[in-house]
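All remarks here apply to the structure that follows.
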Amino acid sequence: MLMINTGEAAKSHKGHKAQPSLFPECMSASALPSPHCGRVPTSTFSESGELYVVFNQHGHIYLTTSTDQGKSFRPSTAVNRNPELIYDDGENRPKIALGKSGEIYISWTHKTAGRYSGDVRFARSIDGGKTFDAPITINSDHAIISHRFETMSIDHQGRIFLIWIDKRDSDQAKKDGQEYAGASLYYAVSNDAGKSFQPNRKLVDHSCECCRIATDTDSSGDIVALWRHVYPDNLRDHAIARVNPDKSPIQGEPMRASDDDWQIDGCPHHGPDLSMDSKDRAHLAWFTKGNKNKGLMYGRYDFTDAQTYLVKSIDDSPSASRPQVVVVGKKVYLMWKRFNGQNMNLMISSSSDEGINWSDPETIATTENGSDHPDWVKNGDDLFAAWHTQSEGLRLIPVNP
């Protein structure tokens, strides 16, 4: 399988993200686990405004919390007691979700022995993070193949959904001497606050192999997923669907969310983002190098007629990457990274009319060394850009004060 890291001039950016942290508290050999020192921290706020952060360090997934919006953190708790190899690149990072009664749910991908192989792992705490149950493996197929790039969501019924990219069908087709484009999407659902999961279900055949999956919930609480799909003949555009455990797998080609005509025999390793508005329209952000569109793109998908409207270029410069989108009330925000030749800039633009018109891009942060993918974090209607950099550690940058 070919992985193509396209559209990110940050590869030439000094101090790329694989380098050790330069944050002062991380320089000591006795440095304690910290979201500044670890890799790929992922954040969420509780309803009370407490910040929860998970990250990978020394083979452990750690949880820490903050009551001052990330200015300081409590001592970290190891989620997995026994260290293991863990995928920790920006596309394949740990996830965290919070239940209504103090439950904490954490997922990640364990790196198994084969090339590009892995297992989806899950652990929960029902005492507010003091202790965690022993981690469990979610994928029922245990071949040494890819079960990776999981995403986790909770619907309005409190059910936990884990969706991931899975190569079991591709692997079987190869053994049978048949062709199979890409991978599959599988998912599992828990109805009992993560104590157990129902059997794995297939959502769709022929997803791209190494691009993260984006999810959100609509007004009825259903899970909506967006992913890069392999359409005939090897067109790597995006598909969208509601994930319903009561329905059969998607038959044929899924609903198309982007039509860029990008024909490429490999995975761009550059996944999309998704945010639902109050009218159940999906605001999308993605990367492409298609014949119709190139660079970072925005569009608004309407389920009523299965069409994407307001498609526009966010940034078509070769150094732009990792677009993120979020809806807060009636405003829509876009965020992405752009290398300026010396530093990496974190850029944003916003729309006050549901994606029709957009403000001029502005820089909200800069770093001189390597950086992780940015992410949006909401605390009620307060919006923050979460960005982990080699020099500055984890920062939460207020966006709509």
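The values are calculated or read from the model by the stated rules, or taken from the named source; none is laboratory data. Quick caveat: nothing in here was measured; it's all calculated off a predicted structure. Here Cβ is always computed from backbone atoms with ideal geometry, including for glycine, and neighbour counts include all displayed protein chains. Each accessible area value is taken on the protein alone, full model and side chains, heavy atoms only, with ligands, DNA and RNA left out. Shrake-Rupley method; radii C 1.70, N 1.55, O 1.52, S 1.80 Å.
Annotation note: Cβ proximity below 8 Å between a residue of segment 153-165 that is under 12 Å from Arg201 (Cα atoms) and in contact (Cβ under 8 Å) with a residue 40 or more places away in the chain and a residue that is outside any strand (DSSP E or B) and aromatic (Phe, Trp, Tyr) (sequence gap 6+ or interchain) occurs for Leu162/Phe197. Of all residues in segment 194-209, those satisfying the criterion of being polar (S, T, N, Q) and surrounded by 19 or more Cβ atoms within 10 Å (Cβ to Cβ) are Asn200, Ser207. Being out of contact with any Ser or Thr (no Cβ under 8 Å at 6 or more places or on another chain), open to solvent by 20 Å² or more (accessible area, probe 1.4 Å) and free of Cβ contacts under 8 Å to residues at least 24 places away in the same chain is the requirement here; does Ser30 meet it? Answer is yes for this residue. Looking only at residues in segment 141-193 that are farther than 18 Å from Gly266 by Cα and touching a helix residue (DSSP H, G or I) at 6+ places or on another chain (Cβ under 9 Å), the one that is least open to solvent (accessible area, probe 1.4 Å) is Tyr186. Could you tell me whether segment 374-390 includes any residue that is open to solvent by 10 Å² or more (accessible area, probe 1.4 Å) and of a type in the set (Ser, Thr, Tyr)? Among the residues of segment 374-390, not one is open to solvent by 10 Å² or more (accessible area, probe 1.4 Å) and of a type in the set (Ser, Thr, Tyr), which makes the answer no.
Within segment 75-86, is even one residue of a type in the set (Asp, Glu), within 18 Å of the chain's Cα centre (by Cα) and farther than 23 Å from Ile154 by Cβ? No; the residues of segment 75-86 include none that is of a type in the set (Asp, Glu), within 18 Å of the chain's Cα centre (by Cα) and farther than 23 Å from Ile154 by Cβ. Checking each residue in segment 246-275 for being under 20 Å from Ala320 (Cβ atoms), touching a Leu at 6+ places or on another chain (Cβ under 8 Å), assigned to a strand (DSSP E or B) and not acidic (Asp, Glu) picks out Cys267, Leu274. For Glu253, the conditions (1) touching a strand residue (DSSP E or B) at 6+ places or on another chain (Cβ under 8 Å); (2) at pLDDT 95 or above; (3) under 23 Å from Phe161 (Cβ atoms) all hold with the exception of (2). Checking segment 218-227 against the condition returns a match, with at least one residue being more than 19 Å from Val311 (Cα to Cα), touching a Lys or Arg at 6+ places or on another chain (Cβ under 6 Å), open to solvent by less than 10 Å² (accessible area, probe 1.4 Å) and part of a strand (DSSP E or B). Being without any contact (Cβ under 8 Å) to a residue 40 or more places away in the chain and out of contact with any Ser or Thr (no Cβ under 6 Å at 6 or more places or on another chain) is a property that Thr109 lacks. I need every pair where a residue in segment 198-211 that is under 11 Å from Arg228 (Cβ atoms) has its Cβ under 7 Å from the Cβ of a residue that is open to solvent by 20 Å² or more (accessible area, probe 1.4 Å) and part of a strand (DSSP E or B), sequence separation at least 6 or different chains. So the pair list comes out as Cys210/Met3.
With respect to the stated conditions, Leu85 is of a type outside the set (Lys, Arg) and open to solvent by 20 Å² or more (accessible area, probe 1.4 Å). Evaluation of His36 against the conditions (1) in a loop (DSSP other than H, G, I, E, B); (2) open to solvent by 20 Å² or more (accessible area, probe 1.4 Å); (3) more than 22 Å from Gly380 (Cβ to Cβ) shows that the sole unmet condition is (2).
Close Cβ contacts (under 9 Å, 6 or more residues apart or on different chains) running from residues in segment 67-95 that are free of Cβ contacts under 8 Å to residues at least 24 places away in the same chain and β-branched (Val, Ile, Thr) to residues that are open to solvent by 50 Å² or more (accessible area, probe 1.4 Å) and in a loop (DSSP other than H, G, I, E, B) comprise Thr67/Arg74.
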